[in-house]
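The values are calculated or read from the model by the stated rules, or taken from the named source; none is laboratory data. Treat the numbers as computed from the prediction; the structure is a model and nothing was measured. So basically every Cβ, Gly included, is an ideal-geometry build from the backbone, and we count neighbours across all protein chains shown.
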Amino acid sequence: VKHTAPDLPEMPPCKGSVYINKVGVSNLEQLYIHQGHMQWLWDVDGRRYLDLFAGVATVSVGHCHPKVTEAAEKQLRKLWHTTNIYVYSPLHEYTEKLAATLPDPLKVIYLTNSGSEANDLAMLMARLHTGNFDVITLRGSYHGGSPLTMGLTSNAAYKYPVASGLGCHNTMCPDVFAGPWGGSNCRDSPVQTIRDCSCPQGSCTANDKYIGQLNEVFATSVASRIAAFFAEPIMGVGGAVQYPKNFLKDTYKLVRERGGVCIADEVQTGFGRTGSHFWGFQGHDVIPDMVTMAKGIANGFPMGAVVTTPEIAASFAKGVHFNTFGGNPVACAIASSVLDEDGTQQISHDVGTYLLTELAKMRDKYEIIGDVRGKGLQIGVEMVKDKASRKPLPPAAMSEIFEDTKDMGVLIGKGGVYGQTFRIKPPMCITRDDADFFLAVFNQALHNYMEDHH
Ligand code: PMP
């Protein structure tokens, strides 16, 4: 069905050579997007798509959300920019509002322009504060593409053959589905925060084994003391991987015992996306020393932040930190209006739980769906050759289902180290009807694939 966007002009088809910043891991036939409204996108031919990827969890409250657009327009007429050595009301108001969402002692805010920049800054602060150099991340994670954060990122698809990652180490991702430890007990309920919390407290051998891997990294790779541990509360690019209960809690303890600080990368999971909590780390019963954020912070307007403790900030205050655009008045006004938007966390919880429940039924129906996991509107569907082997569904098969889903009008994402996980992270304004539309489309795409290949 062709749906017409409100003011779609005549657009010539794209001819000749254009520079396209195409995401390397996706072979989605290039869409030429013209316009967005809330959970919808229109291409230049007037085709409408339900956007369940939202620029990778970035359009948090909806494309061109009227209230956010109004806040931006108002600020654009008042003040675009001034050096942020001055205070101005959007900055003042926003930082107060943001700080109020975080527990003590996370009250000092540094504003940046992207997630990579936020993680770069967090790494620098951790090293200065602790006097240590080594940093540990989880294998399969993505924390940025800048020269420093490329070292934190542990996925070869995003690495270049240049020197990077000095002092950066990875520990095994505690993936209870595809990793060596876990198993069927770890996926009894698809709607759990943490995969294997059905096991009695303290009896999780999978967690112990993954923590054992971390201890090996301490013993074999870390010089003596550690500067920081970075992890997302639920992996994003890595494929919505959730960790065994207590994994983050135990890790934070071990890292702190070795002099390090713990950093929660909330670039994807923050701002209510996980449904049950505003911040993903709150689902793990931990308080990080630093929280980094971006993407959904400003509904797609370039912005990022590091929030930390007064103590760490004091160590950092020994030098001069300057960032021309960080805390830009328009960005702050937009981010402020995002925080004002009511009900998004509830939508994440309600529609997300519904999606997870229905997708889990599809998992039981289709041999090629290995795992359905996530929380709220941070969802992963891991595709496999077959349930017994849990081997990744090959890229060509993933693409076929992905393209078919797109051709039926729904945009989803792909992730995981082998590109084997479909990712669903829509704007937090989607409805149950949208979820039903997606479920019907996805079911049809899987049915088509199975008919053609089995
Ligand atoms: N951290 C995470 C968890 C991310 O998903 C990303 C982006 N995919 C980044 C950091 C880097 O953010 P940016 O692209 O804004 O630099």
- Query: Pick from the range 216-234 the residues that are part of a loop (DSSP other than H, G, I, E, B) and not aliphatic (A, V, I, L, M): which of them is farthest from the ligand (Cβ to nearest atom)?
  - Reply: Ser224
- Task: Only residues in the range 336-364 that are of a type in the set (Phe, Trp, Tyr) count as the first member; pair them with residues that are part of a helix (DSSP H, G or I) and buried (at least 19 other Cβ atoms within 10 Å of the Cβ), Cβ under 6 angstrom, at least 6 apart or cross-chain, and list the lot.
- Result: Tyr354/Ala435
- Message: Tally up the residues in the range 138-147 that are under 17 Å from Glu117 (Cα atoms) and modelled with pLDDT of 95 or more, please.
- Response: 6
- Message: Looking only at the range 235-249, filter to residues that are under 17 Å from Arg139 (Cβ atoms) and in contact with a helix residue (DSSP H, G or I) (Cβ under 6 Å, 6 or more places away or on another chain); which one of those is nearest to the ligand (Cβ to nearest atom)?
- Response: Leu248
- Going through the range 169-215 in order, the residues found to be modelled with pLDDT of 90 or more and part of a helix (DSSP H, G or I) are Asn207, Asp208, Lys209, Tyr210, Ile211, Gly212, Gln213, Leu214, Asn215
- Item | Flag for Ala264 being in the same structural domain as Gly212 (by TED's automatic domain parsing) and in a helix (DSSP H, G or I) | no
- What's the number of the condition Gly259 fails, among (1) under 20 Å from the mean Cα position of the chain (by Cα); (2) among the small types (Gly, Ala, Ser); (3) surrounded by fewer than 24 Cβ atoms within 10 Å (Cβ to Cβ)? (1)
- Message: Whether any residue in the range 224-240 is over 23 Å from the mean Cα position of the chain (by Cα) and surrounded by fewer than 20 Cβ atoms within 10 Å (Cβ to Cβ) is what I want to check.
- Response: yes
- Task: Could you grab me the full set of residues in the range 113-123 that are under 11 Å from Met293 (Cβ atoms) and either without any contact (Cβ under 8 Å) to a residue 12 or more places away in the chain or more than 9 Å from the ligand (Cβ to nearest atom) (or both)?
- Result: Ala122
- Task: Would you list the strands (runs of 3 or more DSSP E) that sit entirely within the range 39-118 and hold 2 or more residues that are within 18 Å of Asn299 (Cβ to Cβ), in the same structural domain as His349 (by TED's automatic domain parsing) and touching a Lys or Arg at 6+ places or on another chain (Cβ under 8 Å)?
- Result: 40-43
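From the residues in the range 128-159 that are over 22 Å from the mean Cα position of the chain (by Cα) and either surrounded by fewer than 19 Cβ atoms within 10 Å (Cβ to Cβ) or outside the structural domain of Gly236 (by TED's automatic domain parsing) (or both), which one is farthest from Ala314 (Cα to Cα)?
Ranking the candidates gives Phe133 first.
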- Note on the structure: Counting only residues that are outside any helix (DSSP H, G or I) and under 14 Å from Gly212 (Cα atoms), the range 244-261 contains a total of 2
- Query: If you take the residues in the range 130-160 that are among the polar types (S, T, N, Q) and in contact (Cβ under 8 Å) with a residue 40 or more places away in the chain, which one is farthest from Asp289 (Cα to Cα)?
  - Reply: Asn155
- Scan (1) in a loop (DSSP other than H, G, I, E, B); (2) crowded, with 17+ Cβ neighbours inside 10 Å; (3) out of contact with any strand residue (DSSP E or B) (no Cβ under 6 Å at 6 or more places or on another chain); (4) without any contact (Cβ under 8 Å) to a residue 40 or more places away in the chain for the single condition Gly419 breaks and write down its number. (4)
- Would you call Thr101 under 23 Å from the mean Cα position of the chain (by Cα), at pLDDT 95 or above and within 16 Å of the ligand (Cβ to nearest atom)? no
- Item | Which numbered condition Arg390 misses (of (1) assigned to a loop (DSSP other than H, G, I, E, B); (2) free of Cβ contacts under 8 Å to residues at least 24 places away in the same chain) | (2)
- Task: Taking only the range 127-168 into account, find how many residues are in contact with a helix residue (DSSP H, G or I) (Cβ under 8 Å, 6 or more places away or on another chain) and within 12 Å of the ligand (Cβ to nearest atom).
- Result: 12
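Just to verify a result, which residue in the range 422-435, among those that are in contact (Cβ under 8 Å) with a residue 24 or more places away in the chain and assigned to a helix (DSSP H, G or I), is surrounded by the fewest Cβ atoms within 10 Å (Cβ to Cβ)?
Here the answer is Arg432.
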- Subset of the range 271-297 (residues that are in a helix (DSSP H, G or I), among the hydrophobic types (A, V, I, L, M, F, W, C) and within 12 Å of the ligand (Cβ to nearest atom)): Ile297
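Can you pull out the helices (runs of 4 or more DSSP H) entirely within the range 299-379 that have at least 1 residues that are within 16 Å of the ligand (Cβ to nearest atom)?
Result: 329-340.
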